[in-house]
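Heads up: the structure comes next, in structure tokens.
The values are calculated or read from the model by the stated rules, or taken from the named source; none is laboratory data. Bear in mind the structure is a predicted one, so any value in this text is a computation, not a measurement. Glycine also receives a Cβ, built like all others from the backbone with ideal geometry; neighbour counts cover every protein chain displayed.
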Amino acid sequence: MQNSLTQFLIEQQRSEQLIEPELRLLVELVARACKRIGHVISKGALGDVLGSLESENVQGEVQKKLDVIANEIFLEANEWGGHLAALASEEMETIHPVPNRYPKGEYLILFDPIDGSSNVDVNLSVGTIFSVLKAPDDISGRDASEADFLQPGNRQVAAGYAIYGPQTQLVITLGRGVFGFTLDREMGSWRLTHPDMRVPTKTTEYAINASNARHWDEPVRQYIEDCLAGTDGGRESDFNMRWTASMVADVHRILTRGGVFLYPSDSRPSVTEGKLRLLYEANPMAMLIEQAGGGAITGDQRILDVQPIGLHQRVSVILGSADEVSRISKLYEAARIDL
């Protein structure tokens, strides 16, 4: 029988000495929250979780019922454990300090409770993304602040996502490899089913929203045109496009069979800096992809080296198989030289 998540984490703590006990327990609480969210999603219309609310989140986006429900589940599951100083969510304007009635810990967590929530109403895969940071050393003597969260992605101590699809899976990294767990619904436990996940170096798949083609910068346009040329073009290979409007679903496919995911900045005023959130989406996914042997860039630089300047900062995202990300990076470099 496959190792459970708890067994795996204990081994990482004892044998590998990779994580501290507090981080192990925090990851277990996150996994428990994801299990609850997955259960709520599975009810669909029977649980009255479909559709939108009249409210908007901090980004001005109409909230789905499930966005709010999942956000509350994640907060309630993690704030009491004594491992966190504060939490931050894509759905909340500012941070959520651990209430005074609970002990305060030495970690910070950022999360996107439901990535791709527009897919829920049509029964497609969605996910939850999370990122764990170490709080500053002086956190025990003061209240947490937004500035504490503004750490570059290379300082993450753990990251991961849950994907709610035909199977519910949890994919995590603790800074040494990527591991996938599948929820055994009969036993109620997470089982290690995908040890040492690696992104294939070469690929013939890419994921991008082609409806934005007229807005793309030249490096992205050139890369996609080369792929579309197929065997008649310079790549001498036919490519397939995949796009699900759920970053978790697209990245999960890349982790399991290769590919490249592009959500680049473009010429639209609202997307000049990018569309995806650096702290809630780009950083955790970039850490996972790099730990699995892939690459993750904004176009101009490595995502994990970006210094955050705001809690809800957006950024251009290009990540996946190393060869393809390297090719795109060279196109961006050539464009800069031509300017």
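Before moving on, here are some points about what is shown:
- Beta carbons closer than 6 Å, at least 6 apart along the sequence or on distinct chains, never pair a first residue in region 258-274 that is outside the structural domain of residue 307 (by TED's automatic domain parsing) with a second that is surrounded by fewer than 19 Cβ atoms within 10 Å (Cβ to Cβ) and at pLDDT 95 or above.
- Residue within region 45-54 that is at pLDDT 90 or above and at positive phi present: no
- Residues that are surrounded by fewer than 16 Cβ atoms within 10 Å (Cβ to Cβ) and under 17 Å from the mean Cα position of the chain (by Cα), drawn from region 166-175: 175
- Of all residues in region 295-320, those that are under 19 Å from residue 224 (Cβ atoms) and either in contact with a helix residue (DSSP H, G or I) (Cβ under 7 Å, 6 or more places away or on another chain) or of a type in the set (Asp, Glu) (or both) total 9.
- Just one of the listed residues (153, 116, 105, 82) is on the phi > 0 side of the Ramachandran plot, touching a helix residue (DSSP H, G or I) at 6+ places or on another chain (Cβ under 7 Å) and touching a residue at least 12 places away in the same chain (Cβ under 8 Å), namely 116.
- Given (1) at pLDDT 95 or above; (2) touching a Lys or Arg at 6+ places or on another chain (Cβ under 8 Å), number of the condition residue 172 does not satisfy: (2)
- Answer residue from region 269-315, given it is closer than 23 Å to residue 117 by Cα and of a type in the set (D, E, K, R) and is surrounded by the most Cβ atoms within 10 Å (Cβ to Cβ) among those: 281
- When residue 162 is tested against (1) of a type outside the set (Ser, Thr, Tyr); (2) closer than 30 Å to residue 45 by Cα; (3) surrounded by fewer than 20 Cβ atoms within 10 Å (Cβ to Cβ); (4) in contact with a strand residue (DSSP E or B) (Cβ under 6 Å, 6 or more places away or on another chain), just one condition goes unmet, and that condition is (3).
- Scanning region 275-301 for residues that are touching a residue at least 60 places away in the same chain (Cβ under 8 Å) and within 15 Å of residue 320 (Cα to Cα) yields a count of 14.
- Output for region 183-223, where each listed residue is farther than 30 Å from residue 42 by Cβ, without any contact (Cβ under 8 Å) to a residue 24 or more places away in the chain and surrounded by 15 or more Cβ atoms within 10 Å (Cβ to Cβ): 221
- Within region 318-339, residues that are crowded, with 17+ Cβ neighbours inside 10 Å reach partners that are of a type in the set (Phe, Trp, Tyr) and part of a strand (DSSP E or B) with beta carbons closer than 9 Å, at six or more positions or on different chains, in the pairs 318/261; 318/263; 319/261; 320/206; 320/261; 324/206.
Listed here are the residues, each with its yes/no results for (1) over 20 Å from residue 19 (Cα atoms); (2) surrounded by 24 or more Cβ atoms within 10 Å (Cβ to Cβ); (3) over 16 Å from the mean Cα position of the chain (by Cα).
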| residue | (1), (2), (3) |
| --- | --- |
| 104 | no, no, yes |
| 114 | yes, yes, no |
| 127 | yes, yes, no |
| 134 | no, no, yes |
| 141 | yes, no, yes |
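- In this structure, residue 157 does not qualify as surrounded by 14 or more Cβ atoms within 10 Å (Cβ to Cβ) and outside the structural domain of residue 18 (by TED's automatic domain parsing).
- Pairing each residue of region 129-140 that is assigned by TED's automatic domain parsing to the domain that holds residue 249 with any residue that is part of a strand (DSSP E or B), provided the two are 6+ apart or on different chains, yields no C-beta distance under 9 Å.
- Test for residue 121: is it modelled with pLDDT of 95 or more, of a type in the set (Asp, Glu), within 26 Å of residue 43 (Cβ to Cβ) and assigned by TED's automatic domain parsing to the domain that holds residue 166: no
- Scanning region 280-339 for residues that are more than 21 Å from residue 158 (Cα to Cα) and assigned to a helix (DSSP H, G or I) yields a count of 17.
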